[in-house]
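Just so you know, all these numbers are worked out from the coordinates, no wet-lab data involved. Since the model is a prediction, treat every value here as computed from it, not as a measurement. FYI the Cβ positions are ideal-geometry reconstructions off the backbone, even for glycines, and counts take in every protein chain you see.
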Amino acid sequence: MTKITGNGTNRAGGTPLVDGFGRTVSYLRVSVTDRCDFRCTYCMAENMVFLPKKDILSFEELASIIDVFVKRGVTKLRLTGGEPLVRKDIMDLINHTSGHLKNGELKELTLTSNGSQLHRFADQLVAAGMKRINVSLDTLNAEKFARVTRRGRLEQVLEGIEAADRAGLAIKINMVAMRGFNDEEIVDMLHWTHERGFDLTLIEEMPMGEVSGDRRESFLPLREVRDRLAERFTLEKITLNTGGPARYVRVQETGGRVGFITPMSHNFCESCNRVRLTCTGKLFLCLGQENQLDLRTALRAGGTEGVSRELDRAMILKPKGHDFDPTRIAPASVRHMSVTGG
Ligand code: SAM
Ligand code: SF4
């Protein structure tokens with residue numbers, strides 16, 4: 001929760017962002033690039049066409065917009081993409097933003113990564129004040145890894161994870177559960193992560209953007225996964241609030257945690273505290289809805305005050321929730337996940 005002072009402002013001195021349903025927005029996800037060195041089958045088409053470089057917000061623009069969000073009470077910031085670590089000036093952005101960590105305005109600065117570049121960046125991330133990261137890893141089988149990422153190398157990602165662990169980052173592994181692909185590997189992944197002291201978060205596949213397969217075939221409701229895990233393990237419900245949408249259990253036998261992100265079978269919108277900024281400056285108010293505002297235009301026309309005014313408008317437009325339907329063939333959203341970063 002954002003700490004509100006007696007005069008109605010938050011720690012950073014701005015008025016908080018409260019939407020029409022009384023939810024305070026304190027969590028911003030920023031997709032810093034739509035580019036990626038992988039082409040995961042559930043996330044991207046094989047021949048993705050990326051945005052022209054000129055459409056991408058510059059470091060200065062991104063930094064200014066982030067500063068406005070922090071001023072308006074955002075306390076948690078996640079950088080994502082595309083692959084955030086393939087953006088050339090990513091460390092400039094992280095070092096700029098870490099200034100808000102150091103003065104206490106931001107409680108957490110974190111990152112979701114495919115792990116391919118972590119071996120190069122782990123130490124720098126820690127030096128910038130980052131404490132934990134999410135790494136996506138859907139399988140521990142090298143051949144299947146190459147198949148699902150279309151161009152990733154498992155060994156490189158494992159090296160990256162090891163480097164992050166050595167550098168002292170807490171690690172959460174994100175695994176998209178796919179029927180007929182990795183459903184038989186979930187128990188192995190659970191042991192692998194918990195033996196290393198990592199959390200595991202399972203994610204239901206969401207219908208974001210056109211991809212080549214039929215998502216209805218691979219869609220695996222996590223209710224089913226949880227029931228199967230409960231046959232082998234003792235799952236204790238815990239109240240761990242990471243500010244994100246996952247619900248967690250502790251596995252008594254391993255002592256580790258497993259989170260479930262179930263946008264399809266369980267709607268978590270009532271407690272939604274987040275908005276998403278794309279690398280072109282579009283602000284999406286819900287992962288599954290198209291309501292959006294253009295903060296780049298607002299910044300160019302009215303500077304940071306223009307952005308702040310646009311955020312007030314955003315709070316009126318933020319919808320109550322999304323309406324993903326696993327039985328539909330057509331994507332619920334035409335956007336690929338790499339646009340908003342999950
Ligand atoms: N490239 C980074 C990565 O893979 O971690 C960050 C961006 S990626 C879009 C963020 C998260 O979204 C990843 O954990 C990925 O597995 C997940 N994701 C991508 N497409 C998805 C989909 N259609 N349904 C559910 N999760 C998805
Ligand atoms: Fe790239 Fe992440 Fe999408 Fe995979 S899930 S294609 S790594 S952005």
Practice task
Output ³J(HN,Hα) for the stretch 95-107: one whole-Hz value per residue in order, computed from phi by the Karplus curve 6.51 cos²θ - 1.76 cosθ + 1.60 with θ = phi - 60°, and x for Gly and Pro.
Solution key: 5, 4, 5, 5, x, 6, 5, 5, 8, x, 6, 10, 8
Practice task
Consider a paramagnetic label point 7 Å from the Cα of Glu108 along Cα→Cβ; state which residues of the stretch 155-190 have an amide N under 18 Å from it.
Solution key: 165, 168-175
Practice task
Return P(r) of the stretch 1-127 (all Cα-Cα pairs; 5 Å bins starting at 0; whole %; ordered from short to long distances).
Solution key: 2, 10, 19, 20, 17, 14, 10, 6, 2, 1, 0
Fill in the blank from the handout: Applying a 4.7 angstrom Cβ cut-off across the chain, unpaired cysteine residues come out as Cys36, Cys269, Cys272, Cys279, Cys286
Problem - Cβ crowding within 10 Å averaged over residues, with 180-190, 133-143 ranked highest first - result: 133-143, 180-190
Practice task
Show which aspartates and glutamates lie in cross-link reach of Lys54 when reach means a straight Cα distance below 14 angstrom and same-chain residues fewer than eight apart are skipped.
Solution key: Asp34
Exercise for the section: Take the Cβ-Cβ distance between Glu253 and Thr9 as r, set R0 to 51 Å, and report the resulting FRET efficiency rounded to the nearest 0.05. Expected result: 0.60
Exercise for the section: Taking 7 Å along the Cα-to-C-beta vector as the label spot, tell me the Arg147-Glu184 distance in nanometres, rounded to one decimal. Expected result: 1.1
Handout entry: Cross-link partners of Lys102 among aspartates and glutamates (Cα-Cα below 15 Å; sequence separation of 8 or more within a chain)
Key = Asp67
Exercise for the section: Jot down the per residue volume, in cubic angstrom and as a whole number, of the convex hull over the alpha-carbon atoms of the chain. Expected result: 127
Completion exercise
quick note, the stretch 27-340, DSSP beta bridge pairs, % antiparallel (nearest 5) is 30
Handout entry: Gain in span if fully extended, Asn95 to His191, counting 0.36 nm per residue against the direct Cα distance
Key = 31.1 nm
Handout entry: Ranked packing of 295-303, 26-34, most packed first, by mean Cβ within 10 Å
Key = 26-34, 295-303
Problem - Label-to-label distance, nm, for residues given as Ala127 and Arg226 (7 Å Cα→Cβ offset) - result: 4.2
